[in-house]
Amino acid sequence: MAVPRKTLMPKSAILVKKYKRGIRVSFAALIILLTLLFVVSTPPSSSASSPISSSSPAPQPSFKGGKMKGHSNYKMPSTDISQKVHYPLDDGKKEKAVFVTLARNDDLWDLVLSIRHIEDRFNKRYHYDWVFLNDEKFSDEFIRVTSALVSGEAKYGQIPEEHWSVPSWINKAKFDKARHEMKEKNIIYGDSIPYRHMCRFNSGFFYRHELLQEYDWYWRVDTDITIYCDIQYDIFRFMKENNKKYGFVISLTEYETTIPTLWPTTQKFIEENKQYISKNNLMDFISDNGGMTYSGCHFWSNFEVGSLNFWRSEAFTKYFDYLDQSGGFFYERWGDAPVHSLAVALFLDRSEVHFFDGIGFRHPDFTSCPVEEQIRLQNKCTCNPNNDITWIPDYFCTRKFFEVNHLKMPVGV
Ligand SMILES: Nc1nc2c(ncn2[C@@H]2O[C@H](COP(=O)(O)OP(=O)(O)OP(=O)(O)O)[C@@H](O)[C@H]2O)c(=O)[nH]1
Ligand SMILES: [Mg+2]
């Protein structure tokens, strides 16, 4: 009789059977442990470093009353609180805004640093376009290198000759004499013709270039600037939402010898065109005696964030044409900074002008560095606060801007 074969189990299987419950519990515990480890080791997505494209909106908290909602530790510079502005919500929508740079091909290797600063500190999250303008044709190398750095669309334009040449109404002998005399007096760029074209172009022609027609807002970026801090919000949206038309970082006094007739010419324009003068203008910023003389205070235009529509306005167009006809861009050496500043001070409501803080900016030879350490740390600024010139009372004018607007200055300045 056949003996039924006993089914033999391997030892391991016997053990499994014996400890089945314990193994199940340990396995479940292991899964839970691994899940926990994964959650803990995954970094949280950082809004400051994640790119925001127009196609993938990443809602951001807004800043009101000096704090970022939902981030009780987030602070605005005290100057922004006293200027009663708020920081806009990032919803992925972009303004019709653009960076503008006037440059020569030779400026390329300085310019790359300026672009890198702007991209790293701001534009990598917003991808605004960039228009490059030149009185000559841009080289292929210039286009290749700069377009690789810009995260928006890079566009290249040549300036029309009538915007970069001596106009027919300028008396050549008088012009040559003026340049010669300014050279004798060692006035910086006193005998330079290209420098005059640059100042005249930046005053009254840059915004007329065809490549700028589709935009409402601009940020002027020169080839020799540095940005030291992270900019935590969309500056263009900020301008729009806070009803600002012109923004500056540094303000100082002009060399009187470069503009002897700028104010008298402006006074004549005002006399003939009173309708353009804003009721709530900034005359007390540009004059210490109710308009009799010009204080020389101006916004340093190597940083400008502003409304292109302001320059396109009838008031500014007429003012610029009036100045241009007088010949002062050539017979003297009028800079675009005092010209823009006088227009801003006279034609805008004072509430439309904004002092930008928390950004950290340098153009040789002056640095603006936020005075509040909390802001510098938060915005990851790399500037040395000892180099800040913003609040120096002599020669610089931001203190005066705050005084005439009855704004509170940061503690301790
Ligand atoms: N295409 C072109 N760009 C120019 C010319 N001159 C100046 N620029 C640009 O215009 C901007 C202002 O010129 P700067 O030479 O820096 O003038 P500035 O800031 O008053 O003078 P600095 O104090 O020496 O910097 C810079 O971005 C220059 O690259 C020029 O002749 N042609
Ligand atoms: Mg410069």
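The values are calculated or read from the model by the stated rules, or taken from the named source; none is laboratory data. Everything numeric in this text was worked out from a predicted model, so none of it was measured. Note that each Cβ is placed from the backbone with ideal geometry, even for glycine, and that neighbours are counted across all protein chains shown.
Structure above, values below:
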{"read-out": "Test: residue in the range 97-113 that is within 15 Å of ligand 2 (Cβ to nearest atom), crowded, with 21+ Cβ neighbours inside 10 Å and in a helix (DSSP H, G or I)", "value": "yes"}
{"read-out": "In the range 86-95, residue modelled with the lowest pLDDT [restricted to those that are surrounded by fewer than 21 Cβ atoms within 10 Å (Cβ to Cβ) and touching a strand residue (DSSP E or B) at 6+ places or on another chain (Cβ under 7 Å)]", "value": "92"}
{"read-out": "Considering residues of the range 177-203 that are loosely packed, with under 12 Cβ neighbours inside 10 Å and among the charged types (D, E, K, R) only, the residue nearest to residue 314 (Cα to Cα)", "value": "185"}
{"read-out": "Qualifying position, being aromatic (Phe, Trp, Tyr), within 21 Å of residue 313 (Cβ to Cβ) and within 13 Å of ligand 1 (Cβ to nearest atom), among 206, 248", "value": "206"}
{"read-out": "Matching strands (runs of 3 or more DSSP E) fully within the range 143-260 where at least 1 residues are closer than 18 Å to residue 303 by Cβ", "value": "217-221, 246-248, 251-253"}
{"read-out": "Contacts under 6 angstrom Cβ, first residue in the range 287-305 being on the phi > 0 side of the Ramachandran plot, partner not small (Gly, Ala, Ser), 6 or more apart", "value": "291/283; 296/253; 296/254"}
